Structures are given as structure tokens and as C-alpha cells.
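> One structure, pasted below without further comment.
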Amino acid sequence: MSLRVIAGSARGTRLRRVPGKQTRPIGDRAKEALFSILSPQIHGCRFLDLFAGTGSVGIEALSRGSAQATFIEQNRAALQTIRHNLQRCRLSHSAHIRAGDVFRLLQQPTVDPFDFLFLAPPQYRRLWAQTLLALDSAATWWHSSSTIIVQIDPSEREDIALTHWQECDWRRYGNTALWFFQRRGASPDR
């Protein structure tokens, strides 16, 4: 499967994959659908790519006009891949890479909250649920109109009790599901 930027300033640029099988990049179909959903709000936004892997999703956000994207990853090969892909797309100037464990970093306050928080952790370890719970209590990372997007295998879906967030949408694209959450009490816009 080829990995590329679908639209925007870096459209058509092929992205390097992380060596080995530790990451699972989002497929073009699911990525195109994701950004079709986000397109009205992506320009000028702050985008967080947790468990960033190749950086493909954050790079797509930057290519389509996001003002800034932060990539959080702890795997050294993935970090090198993200740097390479950002340079290849000429988007390094709008990117911030944070090396480290997602859960430790989410315990630290951040000054500027994110509009979109995307997470695609390694599959079948329930890390998506742990990350959602960590984000639920990491109030400096989001604001009242932020959206969380979880990429999982559809078989991983289960109910999760969150204090500040509620499900607002669920989309399935073959063996990839995109699960959207918004702040409790916010009106659905999808």
C-alpha cells in the first residue's frame, strides 16, 4: 500500500513508512473520508497527532491548511520517519514533534489547546481507551469545541465512560473505524 498526501500544498507527495510492522498507517480511503468530514474546520486549526507513526494524518492536516500540528511518538524509527516526511513535504515550519510516552506527556499541562486530537495507538491493546481516559482529564489539551478522533479496528469498539466527552459519530471503512467525540453538551455538527 502506497502512502501519500492526498490534497493540499503537498498533494501527491509519497511518504516514507516506518520500518517494520510496529505502525499501521491509515489507508487513503479512510484518510480522505476523515478530511472530508473535517474540511470545513481544518484551515487555521491546531492539530494533535498522538501515536503519530509516519505522521501521515498530521501532515495531511498541515497540507490542507492547518496552522500547526504536533506529533507525539516515542519510537525512534517513527520519529525519524516523521522528520523525513515533514521535510519532504516542506511542512516542518508548522510542525512540532514531541518525543516521548503519550500518557506521560498528557499529564503535563499545555499552553495552547488543540482543535482536533487524533489518536491511532497500536491495535488490540486497549490503548485507545486508556488514551481517551487520559484526554478526558487533560483539560489544558482541549477547549469547548475540540473534537477527538479515534482510529481503531471496528472489533475493538466498546463502551467507555467519559466525564467530559460524548460520542458524536462513528464511521467504518473496511477494517478501519473512525470514532468521533465532542464535549458533552455541544451540539453535533457531523
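A short reminder: the numbers here are calculations on the coordinates, not readings from a lab. These figures come from a predicted structure and were not determined experimentally. Neighbour counts are summed over all protein chains in view; Cβ atoms, including those assigned to glycine, are modelled from backbone coordinates with ideal geometry.
> Taking 0.36 nm per residue of separation and subtracting the Cα-Cα distance, what length does fully extending A161 through H84 add?
23.9 nm
> Of (i) 35; (ii) 27; (iii) 40, which one was derived for percent of Cα pairs over 25 Å apart from the structure shown?
Recomputing percent of Cα pairs over 25 Å apart here gives the entry labelled (ii).
> Largest first, please: the extent of the C-alpha atoms of region 112-152 along each principal axis, to the nearest Å.
Principal extents (largest minus smallest coordinate, Cα): 30, 16, 13 Å.
> For region 23-125, which trypsin sites (Lys or Arg not before Pro) are both in a DSSP coil and crowded by at most 14 other Cβ atoms within 10 Å?
R90, R125
> For region 1-74, report the convex hull volume of the alpha-carbon atoms normalised per residue, in Å³, without decimals.
With only Cα atoms used, region 1-74 gives 80 Å³ per residue.
> Between A67 and E32, what length in nm is gained on full extension when 0.36 nm per residue of separation is reduced by their alpha carbon distance?
10.7 nm
> Within the chain, what percent of beta bridges assigned by DSSP are antiparallel, to the nearest 5?
Counting DSSP beta bridges with both partners in the chain, the antiparallel share is about 45 percent.
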